[in-house]
1. What pairs come out if I take residues in region 135-146 that are closer than 13 Å to Asp174 by Cα and pair them with residues that are open to solvent by less than 10 Å² (accessible area, probe 1.4 Å) and of a type in the set (D, E, K, R) whose C-beta lies under 9 Å away, six or more apart or interchain?
2. Say whether the condition of being on the phi > 0 side of the Ramachandran plot, more than 9 Å from the ligand (Cβ to nearest atom) and open to solvent by less than 50 Å² (accessible area, probe 1.4 Å) is met by at least one residue in region 109-117.
3. Answer with yes or no whether Leu39 is within 12 Å of the ligand (Cβ to nearest atom) and open to solvent by 10 Å² or more (accessible area, probe 1.4 Å).
4. Criterion first (within 16 Å of the ligand (Cβ to nearest atom), in a loop (DSSP other than H, G, I, E, B) and surrounded by 14 or more Cβ atoms within 10 Å (Cβ to Cβ)) does Leu51 satisfy it?
5. Would you point out the residue of region 1-36, among those that are open to solvent by 20 Å² or more (accessible area, probe 1.4 Å) and among the acidic types (Asp, Glu), that is modelled with the lowest pLDDT?
6. Where the second residue is among the polar types (S, T, N, Q) and in a helix (DSSP H, G or I) and the first is in contact (Cβ under 8 Å) with a residue 40 or more places away in the chain and lies in region 97-126, which pairs have Cβ atoms under 7 Å and are six or more apart or on separate chains?
7. For the structure I just gave you, tell me whether Gly122 is within 18 Å of Tyr45 (Cβ to Cβ) and buried (at least 19 other Cβ atoms within 10 Å of the Cβ).
8. Of the conditions (1) open to solvent by 30 Å² or more (accessible area, probe 1.4 Å); (2) under 16 Å from the mean Cα position of the chain (by Cα), Ser92 clears all except one; give me its number.
Amino acid sequence: MTNDVPSARPFVVAIDGPAAAGKGTLAERLAAALRLPYLDTGLLYRAIGKLMDERGFDLDDPVLAGQFAEALDPEDLKRGDLRGREAGELASRVAVHPAVRAALVDFQRAFASRAPGAVLDGRDIGTVICPDADVKIFVTASPEVRARRRTDELLAKGRDVVYETILAETRERDERDSGRAVAPLKPAADAILLDTSDLDRDAAFARALAIVEARRG
Ligand code: DC
């Protein structure tokens with residue numbers, strides 16, 4: 001059996017969900033299994049936040065943030081310092097600005113529209129960027145489970161973190177991402193919910209792959 005995607009029409013998989021739900025790992029594994037390119041759209045917002053912050057600009061300035069988004073170079077996504085918690089916070093702040101989001105739409109849609117298709121993960125892929133995606137999965141887990149996983153990951157890396165702090169940060173990020181006026185985090189009406197609270201990575205991946213295969217079939 002092969003996982004190659006046979007059709008000429010791009011096959012698009014949209015993976016959305018809150019921070020630390022495991023959607024990045026899941027999306028990357030799905031992309032590899034389906035042999036499709038993968039775009040972690042969080043990197044776009046992370047790069048903008050990081051670039052503004054290191055140059056001393058105000059991330060809450062909607063016009064400035066929009067200009068940074070317009071000028072974003074795909075090479076900026078290759079920076080090595082975009083994955084951490086700090087960059088995630090900066091990203092969440094710039095992501096509230098409509099001008100930032102508008103400036104990133106074409107890049108994401110162009111990525112998705114090339115044959116043979118793509119897997120994209122983010123917050124608004126199924127709702128705004130690719131509303132016609134072939135498969136939409138909303139990956140979630142309780143804030144407590146997400147905070148626990150993140151705390152364990154950071155402790156394993158030797159970082160000095162406290163679960164309660166990470167839980168508070170997780171809730172704060174959820175609130176900002178879900179409460180913003182433009183493209184808030186929410187499942188598309190036709191998204192399939194995948195709650196990973198009681199699933200390990202392999203089990204979550206197996207479920208997601210089964211969802212995709214069912215749609216392709
Ligand atoms: O997926 P992530 O943790 O890398 O995302 C970081 C932040 O970027 C997230 O808190 C909100 C924002 N984001 C967004 O608003 N829309 C996306 N499609 C991806 C990320």
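The values are calculated or read from the model by the stated rules, or taken from the named source; none is laboratory data. What you are looking at is a predicted structure, and each value in this text was computed from that prediction instead of being measured. Cβ sites come from the backbone with ideal geometry, for glycine too, and all protein chains shown count toward neighbours. Ligands, DNA and RNA are stripped out before the accessible areas are found, and what is left, the full protein with its side chains, is counted by its heavy atoms. Shrake-Rupley method; radii C 1.70, N 1.55, O 1.52, S 1.80 Å.
1. Within 9 Å, the pairs are Thr140/Arg146.
2. Step one: of region 109-117, the residues on the phi > 0 side of the Ramachandran plot are 117.
After this cut, where a residue has to be more than 9 Å from the ligand (Cβ to nearest atom) as well, the list is 117.
Checking which are open to solvent by less than 50 Å² (accessible area, probe 1.4 Å) leaves us with 117.
Taking every residue of region 109-117 in turn, at least one turns out to be on the phi > 0 side of the Ramachandran plot, more than 9 Å from the ligand (Cβ to nearest atom) and open to solvent by less than 50 Å² (accessible area, probe 1.4 Å).
3. Numbers: within 12 Å of the ligand (Cβ to nearest atom): yes; open to solvent by 10 Å² or more (accessible area, probe 1.4 Å): yes.
It is true that Leu39 is within 12 Å of the ligand (Cβ to nearest atom) and open to solvent by 10 Å² or more (accessible area, probe 1.4 Å).
4. On the way: within 16 Å of the ligand (Cβ to nearest atom): yes; in a loop (DSSP other than H, G, I, E, B): no; surrounded by 14 or more Cβ atoms within 10 Å (Cβ to Cβ): yes.
In short, no.
5. Filtering region 1-36 for residues that are open to solvent by 20 Å² or more (accessible area, probe 1.4 Å) and among the acidic types (Asp, Glu), the one modelled with the lowest pLDDT comes out as Asp4.
6. Leu120/Gln108
7. Yes, satisfied.
8. Going through the list (1) open to solvent by 30 Å² or more (accessible area, probe 1.4 Å); (2) under 16 Å from the mean Cα position of the chain (by Cα), Ser92 breaks only (1).
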